[in-house]
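Student: Dropping a structure here in structure tokens format, bear with me for questions.
Read-outs throughout are calculated quantities, based only on the coordinates presented, and are distinct from any laboratory measurement. Note that this is a predicted model, so its numbers are computed, not measured. Every residue, glycine as well, gets a Cβ built from its backbone with ideal geometry; the counts of neighbours run over all protein chains shown.
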Amino acid sequence: MTISGWHESPQDERDFPLSALPIEATEKPEYASLQKYVKEVLNQKDAPVCVAASICAAFQSVYGIKFSMRWLYWQAKKIDGLPPNTDGTTFRAALQVVTKQGLCPEEFCPTFPNWKDTTSTPKMEVEAAKYKLKSYARLTVGTLEEIEKSISQGYFVLLGAIVDSVEWMNDEYLIKPEGAFLGGHAILGFEYDEAMKYLTYEDFVKILNSWGTDRGRNGYYYMAEAYAKATQADLAGFKFLREAWAIEFFEKLTPELRGDDVLLIGIDPGHGGSLKVGGDPGAIGKFSKEKDITLAVSLHLDKALKRNGFATVMTRTTDKTVSLEERTNLLNSKGVDLVVSVHVNSSTSPDPDYVSTFIYAKGGEAEKCAELVQKELVAVTGWEDGGVRTGNLHMVRETKAPAILTEAGFISNPAQEEWLNENPKKIAEAICKGVCSYYGKNYKEEAKVDECSVWAREARDWAKAEGITDGTDPKGNVTREQVWVMLYRMKEGK
């Protein structure tokens with residue numbers, strides 16, 4: 001991992017301020033998030049390309065395809081004005097590139113394994129010109145105010161910070177810089193929550209890093225207002241958060257907001273991580289692991305709840321080790337209204353085949369919710385009703401909000417293991433139905449989306465003209481039968 005990729009852009013009076021971007025005259029909400037656009041956590045490996053990585057992550061979020069960190073890095077190096085043989089580059093140089101030249105897709109200029117290759121071909125430049133940034137503005141740092149205002153207006157925010165050897169290496173919470181200075185680093189801000197609390201700190205911006213999913217919380221960090229204000233006592237004017245830029249795409253992005261009437265649901269995919277690094281696979285069936293089933297269900301549940309008007313927070317979004325204490329600390333710090341911990345059961349016998357839902361104690365709100373979720377799980381699976389049960393389990397005991405823990409069948413039952421692996425979405429939708437019933441909301445089924453993404457429209461129109469497809473359901477899953485037919489039509493010229 002290299003921490004020498006970001007250099008602060010010199011101050012320039014020609015830089016646009018935030019007020020130069022389209023800003024709606026509304027009061028900044030307590031919470032805003034562009035998480036729904038974020039596609040993945042990038043990994044810059046040992047290349048000093050964090051500036052390019054943060055911009056590529058934003059472009060991928062908007063256009064839905066991967067972009068070349070290598071191409072952007074070397075184009076920026078041509079104009080950044082840094083001394084020769086200096087690793088890293090500046091935001092200003094990279095932003096000038098993506099505004100004027102565009103950004104080359106990864107398909108035409110793979111970043112790895114040859115990130116040091118400075119080549120830019122005419123084909124790369126033609127493809128880059130299809131994906132440009134509209135505008136950008138330099139923000140005032142020292143607080144989170146303009147960063148949060150930008151996110152609330154639908155702008156991703158590029159951040160340049162000094163990395164320390166304690167906060168960044170050991171935790172997902174960036175609160176107070178400690179230890180040695182390791183270098184300058186670029187990250188991407190996309191969410192904030194003024195009500196979020198951790199220890200004695202509050203008001204956090206959620207950032208996307210480019211070190212893969214093994215650092216922070218699955219690659220994400222939470223930067224506190226206190227970190228943004230942090231200075232070095234013996235260095236006059238020194239700040240740890242040193243630079244920020246709001247970036248505007250041609251497509252208007254709409255952040256998710258959480259008003260007083262929006263409920264926040266905590267989703268906890270049970271278990272996770274590799275045994276080699278202290279992880280927990282959960283129960284193990286003949287061909288699958290509990291940790292993978294619970295994650296699949298939880299990712300579908302996240303989408304279903306959002307579709308039904310809830311806000312969500314997940315304790316993990318990838319196969320990563322997260323301790324029980326870390327899970328409940330996160331959910332408690334976010335002030336969730338309800339916790340759903342997703343599990344599947346196991347037995348030494350292949351015979352048990354029931355569904356059950358656990359709570360900590362009878363008589364509270366958790367029991368009311370559990371009864372409704374249990375009813376939906378039994379209905380969708382057709383399996384025996386194991387009822388709502390009590391258990392001294394960490395996830396239902398240590399959360400401040402009402403909490404339920406679903407045990408959706410047995411991975412030790414061969415038939416149920418197969419069904420669970422084939423139908424995680426059905427389990428998720430059943431849980432969502434139960435949660436909707438608990439809150440008195442009408443459940444909304446998933447609607448088919450016929451709107452084609454901007455970046456795919458040219459290809460869709462060509463495919464329609466060639467008779468390969470009728471162009472409907474562009475985001476739907478493709479079956480093998482459909483692939484066969486499309487290839488056959490191409491072959492026959494039909």
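Student: Taking the Cα atoms of the chain alone, what are Rg (to one decimal) and Dmax (as a whole number) in Å?
Tutor: 24.2, 75
Student: Under a 5 Å amide H to amide H cut-off, with H placed in plane at 1.01 Å, what residues pair with ARG258 once short-range neighbours are removed?
Tutor: The list, which skips near neighbours in sequence, is TYR31.
Student: Provide the three semi-axes, in whole Å and in decreasing order, of the ellipsoid equivalent to region 150-272 as defined by the square roots of 5 times the Cα gyration tensor eigenvalues.
Tutor: Calculated on Cα positions only, the semi-axes equal 25, 19, 15 Å.
Student: Net charge around MET395, counting only other residues with Cβ within less than 11 Å of its Cβ (Lys, Arg = +1; Asp, Glu = -1)?
Tutor: Net charge around MET395: -1.
Student: Something else about it: Taking 4 °C and 1.567 mPa s as the conditions, I'd like the Stokes-Einstein D for region 264-438 in µm²/s, using the Kirkwood hydrodynamic radius from alpha carbon pairs.
Tutor: Stokes-Einstein gives a translational diffusion coefficient of 83 µm²/s.
Student: A further question on this structure: Sort LYS239, LYS116, LYS334 by Cβ crowding within 10 Å, fewest neighbours at the top.
Tutor: Going from least to most buried by this count: LYS116, LYS239, LYS334.
Student: Next question, about the same structure. Kindly rank 169-176, 297-304, 280-287 from highest to lowest mean number of other beta carbons found within 10 Å of each residue.
Tutor: The most tightly packed comes first, giving 297-304, 169-176, 280-287.
Student: Over the Cα atoms of region 6-257, how large are the radius of gyration and the largest Cα-Cα distance (Dmax), in Å?
Tutor: Cα-based Rg and Dmax for region 6-257 come out at 17.1, 54 Å.
Student: A further question follows. Please tell me the relative contact order of region 167-302 in percent, rounded to the nearest whole number, where contacts are Cα pairs under 8 Å and at least six residues apart.
Tutor: Here the relative contact order equals 15 percent.
Student: Between THR312 and residues 5 or more places away or on another chain, which pairs have amide H atoms under 5 Å apart, with H built 1.01 Å from N, and which residues are they?
Tutor: Those qualifying (amide H under 5 Å, at least 5 residues apart or on another chain) are ILE265.
Student: Right, something else. One-quarter of the Cα convex hull surface for region 280-353, in nm²?
Tutor: Computed as one quarter of the Cα hull surface, the answer is 6.0 nm².
Student: Okay, next question. Going by average Cβ density within 10 Å per residue, which order do the peptides 368-377, 343-352 take, highest to lowest?
Tutor: 368-377, 343-352
Student: In addition: Take GLU429, GLU125 and order them by how many other Cβ atoms sit within 10 Å, fewest up front.
Tutor: Ranked by crowding around the Cβ, least crowded first: GLU125, GLU429.
Student: Quick check: residue separation of VAL485 and THR118 times 0.36 nm, minus the Cα distance between them. What number comes out in nm?
Tutor: Here the segment from VAL485 to THR118 would lengthen by 128.0 nm.
Student: How would you order 99-106, 198-205 from highest to lowest mean count of nearby Cβ atoms within 10 Å?
Tutor: Peptide ranking by packing, descending: 99-106, 198-205.
Student: Here is a further query. To the nearest 20 debye, what is the magnitude of the charge dipole of the chain about its Cα centre, counting +1 on the Cβ of each Lys and Arg and -1 on the Cβ of each Asp and Glu?
Tutor: Using Cβ point charges on Lys, Arg, Asp and Glu, the chain gives about 1020 debye.
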